[in-house]
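Step one of this worksheet: look at the structure below.
Values in this text are rule-based calculations from the coordinates and carry no lab data. Just so it is clear, the model here is predicted, and its values are computed rather than measured. Backbone-built Cβ (ideal geometry, glycine too); neighbour counts: all protein chains shown.
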Amino acid sequence: MGLRFQAPRGTRDLLPGELRLWQWAERLAREVLEHYGYAEIRTPLFEDYELFARTSGESSDVVQKEMYRFKDLKGRDLALRPEGTASVCRAYLEHSMSGQGRLQKLWYAGPMMRYGRPQKGRYRQFSQIGAECIGVAAPDADIEMIALFVDIFEAWGFESLTVAVNSVGTPEIRRAYGEALRAWLEPVREMLSADSRQRLEVNPLRVLDSKDPGDVAFLTGKDAGLGPMPRLIDSLDRSAAAHWDAVRAGLDALGIAYEVDPGLVRGLDYYTHTAFEVHDRSLGAQSALGGGGRYDGLIEALGGQPTPGVGFSIGLDRAMLVLAERGTLGDLPRPLVFVVGMEATQRHVHPLVRALRQVYAAEFDLEARGTTAQMRTAGRRGATAVVVLGEEEWKRGEVVVKDMKSGTQETVILEGLPERLDRIMGLTGEVRAE
Ligand code: AMP
């Protein structure tokens, strides 16, 4: 008989074995974020649909096809969050965080939901860890953001990471560039995919996101004698060019490897200046591990005062896939003490275990089976030390301690147990066995 219930399509359970890697990665990321002065923020898993519709752009795939939109019992129009930035900016405004000092450095982690077509590295529920630096327009904020982004990957053991960077200028620059792009593609307009033809009308920059092989051939200049594609970075005005130059100089000064990717554009109006992204080829089609950029128009679009911001988000599921394929195991399980009782001493086992648990991970046989079965369980659970409460020893105030790595065992007085265990477990601490 088939299982009656399974995790919904595009979702999955993360089991304890796999989570060791996640917990390790989240811990390291948190450390890096804290060293950069970021504080955590937790926002709701669902928000007003309108918040995302406005910030992700009505014409974007996320809004048009991928949003988990629903009405609650009072008919409120809500959506499961597809990303974190909109919620963080909403919270920033709602709690007047601009008044608490100009700069806010916030990070978040948690599940995001998008109704996409599931495949390797692409889920309907996936997790992101992200950071937002709100209130500073200067290029150093972009540089620090990219450094933070890279340092998280480096903490996870990613080496020689190359970040793709670009400048998307300002909305005015993009409008002019969009016209130039439209004119450049005009001769092949009829040969473009239907999606791209439509995008060319509404928002020409989004044609650059096309994955259609025919479109890609035109865009990469492999076809039809179009000449080189006009580049947004060549259309920057003086102030946007100064920002772009400063960002690159800052990355150079930090020794961060980057490639300029003129095709890395985000079509939405509130994006400005720096855009960046990192990929890992081992993931195939869904290769983006994370990305970010500056969004100086976003908070204003939400009804706030014009407030600059820059941020990124990293897709944890994909990063963990890559790490698991490379054999990264994550946190080692804690060393464990297993206490074995005999018939006459079994009732002393749980009190001793409870005392040990003040300092160590400690376990015992909940079913109080025979000594051999208990010893076998201790081995199976990977115990580092086993404490045996032998009947005779216990009467003398002693216990037998076995070092499972070396296989040696020793009888010690109860008072000497903490010291003996500390040596075996490689820890220091106090434990009082009553
Ligand atoms: P985005 O918010 O679209 O810029 O995505 C940021 C990162 O989240 C991407 O680089 C991916 O690593 C990850 N991501 C986005 N969508 C998905 C998805 N459906 N499944 C898994 N990871 C995703």
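For the chain, the Kirkwood estimate of the hydrodynamic radius, built from every pair of different alpha carbons, is 25.5 Å. Helix 171-185 and the longest principal axis of the Cα set of the chain meet at an angle near 70°. Fully extending the segment from residue 202 to residue 179 would add 7.2 nm, taking 0.36 nm per residue of separation and subtracting the current Cα-Cα distance.
Between residue 42 and residue 369, what FRET efficiency comes out of the Förster formula 1/(1 + (r/R0)^6) with R0 = 45 Å and r the beta carbon distance, rounded to 0.05? The computed FRET efficiency comes out at 0.55.
Going toward the positive end of the dipole of the chain, with +1 on Lys and Arg Cβ and -1 on Asp and Glu Cβ, which of 32, 421, 291 do you reach last? Value computed over the given set: 421. Can you tell me which of 363, 47, 300 moves the most in a GNM of the chain? Springs connect C-alpha atoms under 10 Å apart. The residue that fluctuates most here is 363. At q = 0.12, 0.13, 0.20 Å⁻¹ the log10 of I(q)/I(0) for the range 126-258 amounts to -0.64, -0.73, -1.13, computed by Debye summation with a single uniform scatterer per C-alpha, solvent ignored. Relative to the dominant Cα principal axis of the chain, helix 346-356 is inclined by about 40°.
Per-residue ellipticity at 222 nm, computed for the chain from helices alone with -39500 (n - 2.57) per DSSP H run of at least four residues, works out to -10500 deg cm²/dmol.
Report the FRET efficiency, 1/(1 + (r/R0)^6), for residue 73 and residue 212, where r is their Cβ-Cβ distance and R0 is 25 Å, rounded to 0.05.
Working: r = 42 Å, r/R0 = 1.68.
E(calc), rounded to 0.05, equals 0.05.
When the Kirkwood hydrodynamic radius is evaluated over all pairs of different C-alpha atoms of the range 333-433, what value in angstrom, to one decimal, is obtained?
Working: mean 1/r = 0.0760 Å⁻¹.
Computed over the range 333-433, the radius equals 13.2 Å.
In plain terms, if you count all Cα to Cα distances in the range 39-115 and split them into 5 Å steps from zero, the share in each step is 3, 15, 25, 22, 17, 11, 5, 1 percent. Fully extending the segment from residue 191 to residue 138 would add 14.9 nm, taking 0.36 nm per residue of separation and subtracting the current Cα-Cα distance. With springs only between Cα atoms under 10 Å, which of 194, 109, 361 fluctuates most in a Gaussian network model of the chain? Comparing 194, 109, 361 in the GNM, the peak value goes to 361.
Taking the radius of gyration and the Kirkwood hydrodynamic radius from Cα positions alone, what is the Rg/Rh ratio for the range 59-215, to two decimal places?
1.00
Each residue of the range 238-249 was assigned a 3J(HN,Hα) from its phi angle through the Karplus expression (A = 6.51, B = -1.76, C = 1.60, θ = phi - 60°), giving 4, 6, 5, 5, 5, 4, 4, 5, 5, 5, 5, 4 Hz with x at Gly and Pro.
Can you tell me how much longer the chain between residue 242 and residue 14 gets when fully stretched, taken as 0.36 nm per residue apart minus their C-alpha distance, in nm with one decimal? The partial results should precede the final answer.
Details: separation 228, 0.36 × 228 = 82.08 nm, distance 4.57 nm.
The span from residue 242 to residue 14 would gain 77.5 nm if fully extended.
If you count Lys pairs in the chain whose Cα atoms are under 26 Å apart, skipping same-chain pairs closer than 8 places in sequence, the total is 5.
Of the residues 167, 406, 235, the one that moves most in a GNM of the chain with alpha-carbon contacts below 10 Å is 406.
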